[in-house]
1. Would a scan of the range 192-202 turn up a residue that is surrounded by fewer than 18 Cβ atoms within 10 Å (Cβ to Cβ), more than 10 Å from the ligand (Cβ to nearest atom) and part of a loop (DSSP other than H, G, I, E, B)?
2. Considering only residues that are outside any loop (DSSP other than H, G, I, E, B) and among the hydrophobic types (A, V, I, L, M, F, W, C), look in the range 335-355 and name the one that is surrounded by the fewest Cβ atoms within 10 Å (Cβ to Cβ).
3. Residue pairs, Cβ under 7 Å, 6 or more apart or interchain, first in the range 744-768 and under 20 Å from Arg464 (Cα atoms) and part of a strand (DSSP E or B), second aromatic (Phe, Trp, Tyr) and open to solvent by 30 Å² or more (accessible area, probe 1.4 Å). List them.
4. From the list Thr184, Thr189, which residue is more than 27 Å from Trp388 (Cβ to Cβ), more than 9 Å from the ligand (Cβ to nearest atom), open to solvent by less than 30 Å² (accessible area, probe 1.4 Å) and not aliphatic (A, V, I, L, M)?
5. Considering the range 276-333 alone, what residues qualify as being among the acidic types (Asp, Glu), within 13 Å of the ligand (Cβ to nearest atom) and either in contact with a Ser or Thr (Cβ under 7 Å, 6 or more places away or on another chain) or under 29 Å from Gly359 (Cα atoms) (or both)?
6. Which of the residues that make up the range 18-36 are open to solvent by 30 Å² or more (accessible area, probe 1.4 Å) and within 12 Å of the ligand (Cβ to nearest atom)?
7. Given the options Leu596, Leu605, name the one that is open to solvent by 10 Å² or more (accessible area, probe 1.4 Å), within 30 Å of Asp376 (Cβ to Cβ) and either in contact with a strand residue (DSSP E or B) (Cβ under 8 Å, 6 or more places away or on another chain) or of a type outside the set (D, E, K, R) (or both).
8. Report, by residue number, each residue of the range 564-581 that is crowded, with 20+ Cβ neighbours inside 10 Å, more than 12 Å from Tyr493 (Cα to Cα) and among the small types (Gly, Ala, Ser).
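The values are calculated or read from the model by the stated rules, or taken from the named source; none is laboratory data. The shown structure was predicted, so the numbers you read here are calculated from the model rather than taken from an experiment. Backbone-built Cβ (ideal geometry, glycine too); neighbour counts: all protein chains shown. These area figures cover heavy atoms from the full protein model, side chains too; ligands, DNA and RNA do not enter into them. Shrake-Rupley method; radii C 1.70, N 1.55, O 1.52, S 1.80 Å.
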Amino acid sequence: MQTTTRVAVIGGGVVGASVLYHLTKLGWSDVMLIERSELTSGSTWHAAGGFHTLNGDTNMAALQGYTIRLYKELEKITGMSCGLHHVGGITLADNQDRFDMLLAERAKHRFMGLETEIVTPAEIAKIAPVTNIEGIIGGLYDPLDGHLDPSGTTHAYARAARMGGATIQTHTMVVETNQRPDGTWDVVTDRGTIHAEHVVNAGGLWAREVGAMAGIYFPLHPMEHQYIVTEEVPMIADIVDAGGEHPHVMDPAGESYLRQEGRGLCIGFYEQPCRPWAVNGTPWTFGHELLPDDFDKIEDSIAFAYKRFPALEVAGVKSVIHGPFTFAPDGNPLVGPVPGVRNYWSACGVMAGFSQGGGVGLMLAQWMIEGEPERDVMAMDVARFGDWISPGYTLPKIIENYQKRFSVSYPNEELPAARPNRTTPMYDIFSDMGAVWGQQYGLEVVNYYAQHGEPSYETPSFRRSDAFDATAREVRGVRGGVGINEVHNFGKYRVTGPRARAWLDRIMAGRVPQPGRLSLTPMLSEKGKLIGDFTMSCLAEEEFQLTASYGSQNFHFRWFTSHLEDGVHVENISDKRNGFQIAGPKAREVLAACTLSDISDMRFLDVRRMTVGMTDCIVQRVSYTGDLGYEIYCDPMGQRALWWTLWAAGQPHGMVPFGMRAMMSLRLDKHFGSWMAEFSPDYTAAETGLDRFISFNKNTDFIGRAAAEAEHSKGAARRLVAFAVDADDADVQGYEPIWLNGAVVGFCTSGGYSHHTGTSIAQGFLPTDKVADGLRVEIEILGQMRPATVTLTPPFDADGARMRG
Ligand SMILES: Cc1cc2nc3c(=O)[nH]c(=O)nc-3n(C[C@H](O)[C@H](O)[C@H](O)COP(=O)(O)OP(=O)(O)OC[C@H]3O[C@@H](n4cnc5c(N)ncnc54)[C@H](O)[C@@H]3O)c2cc1C
């Protein structure tokens, strides 16, 4: 057996095989896959082999498109068959919300190059005659949908990898992974030890156990899943005899997926009475066996399916496949460098290996070889969960995810499982004030306050929600007087040491501020992509506070630690420094009433330590509301005292508590972008206008400098702009296509209703040569073309008089 390798991929399911192939495809040939049994010995062998592009996350959908297109390439390279059946597929909608979701998906597909189309019930009956269209209002047809042979496909990946120089070691069980001081790994197997520079965990059903060998907890869990293959179905036999194939049909109302299998049908269910499997760990003895049939669990689903697909009722059951496969808490894969563990990579939690395996392999290989993936992969980045994640959280989320697999996902939806989980000292106080909570990165965050009879539950919707009036009231409170909200949901970092300034100068593209000042700065990848949008505050010459997205903490901290230098110390203090933001024209008066410090000379972007009431705080004059405002940070132990001080001082000015719904409306008034919407690794500083915060004249070779300079001098091909939208009852959410003269020329990044200005505002990208103030375009919202106008000047405080005054 080979005893050294650059990469040891543990696990020979479809995902491990894809990772191995993509490593060779991108140029690394000294790579090795280690499989304890034969290839496909986990979930892979018993999969139904279906593939589709539909995914609520646009980047995931694009990667699913890549995966599906790859199969023909694999067949060509290897001469092996993947058993491909590109039969197309229809997702049914039996109510308006489901149909709205399909309309929104269709719209996104326009600029993703996916040729899906909305079909009527009559067309569905024609394309997929096995469907009873009673109660169906429409569907989404995707010609790329289909199915394949799971084993043939995995072996095709494996052969392609071997052709690229990879080694595959089957019947070899990894029993330990031990890191050497230089960061490389000893992968101990039952047949000897392999010394590897990098380890990839593609252990599928055993990924938890493989992770534990390196002391890593992977938040995933196997769920039982069942599908049935029928005997011959006359209608299908007729189609086959006529040389045709029946397409796939996904029926979200029945939580089922159906396809042709030979001369019969195959149908699988995501049933509500679902069951997690192997809660205490996957047995090493489990392999090529199935779980016992369990018709009780799917009884209701079968009854529903008989109505939707009447041909099933008379078809005999040929076989039942009941097996386990893994899910992460949000149903997306766990991919990328594991934070805090050098040279250890994750390729697990892949619940749809035949839709996603290719994309996972490509992204991971790019990350390992080129340093970063070509697109934003936050939706599947293993860093999207923090240190707070635990098996007690994972299990209920996974059950919820399985049960909601076919449910409508609404943009304003808050999922209830495993909540409340993480709360600050304000939780009970805010709950008593009517807080309607949302969840971000495990943390409870107020969406709005239900007062004066406003709804205490925000009904999920694609249209304006019933939180509209409460949000409007909070916005009025801020713009007309003063509002207060918590700053717990910022990621916060303390950077100290003699080399702190020099390090920040290299890590951040912007100018590092002098003591007492703060600056806004993009953080760039080597290729010039936006990987952060930070506020950088200089508290003293060797002490800085950074603030950014709370949800990207692990993502950012992984970057910081992997670029750390001697003489600088970086600490994640996101949950150690809390506090409040006060914003609105009366904010200064409120703060002045709470502190003995003189704040009359405190300028926009100043930062100072001061005592507020009894609490020692860091106060900075900046606000994402775009108004006169202050962020006031303190130790969580002093947070309640700080609250009572600010709240009492705010009463004469009619202070209102406000939540994230109001915050996102207020930022639109100023056309401020939002992290992971306008600003993400999919975009560059020049495209988004954040290059105005880059210090091109500092003499530091900051990360991403060359790429940023090149784009800055050449000019970006597309540009982020804002639009005033003539909306009806639905605003832009993100990824809606922008039409000009009958063609799609761009897409939206986010939007919403600006309550202060009474306008529906969107932001999005247009080709730079098309950008002109007042340009009339159309934005497709839920299938309707809405007129929109490019607006280059923000409708609120355009000259900054209020914010800076
Ligand atoms: C009933 C059913 C139907 C499904 N239908 C579909 C479908 O239609 N479409 C779709 O896309 N997906 C489907 N899936 C899901 C699909 O099977 C998985 O997404 C996919 O197989 C995951 O592949 P994997 O490589 O991550 O994991 P696995 O297939 O579990 O592979 C992991 C491999 O790692 C090996 N391994 C683990 N630990 C070690 C160790 N210590 N040393 C050496 N080797 C080790 C195992 O032996 C195994 O071969 C279905 C799943 C089920 C259960």
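1. The answer is no; no qualifying residue exists.
2. Trp345
3. Pairs that qualify, where the first residue is under 20 Å from Arg464 (Cα atoms) and part of a strand (DSSP E or B) and the partner is aromatic (Phe, Trp, Tyr) and open to solvent by 30 Å² or more (accessible area, probe 1.4 Å), are Cys748/Tyr735; Ser760/Tyr753.
4. Values: Thr189 fails: more than 9 Å from the ligand (Cβ to nearest atom).
From the options Thr184, Thr189, the qualifying one is Thr184.
5. Within the range 276-333, the first condition is being among the acidic types (Asp, Glu), and the residues that meet it are 289, 293-294, 296, 299-300, 313, 330.
Checking which are within 13 Å of the ligand (Cβ to nearest atom) leaves us with 289, 293-294.
Result: Glu289, single match.
6. If the condition is that a residue be open to solvent by 30 Å² or more (accessible area, probe 1.4 Å) and within 12 Å of the ligand (Cβ to nearest atom), then Arg36 is the only one that fits.
7. Values: Leu596 fails: within 30 Å of Asp376 (Cβ to Cβ).
Answer to the check: Leu605.
8. Gly579
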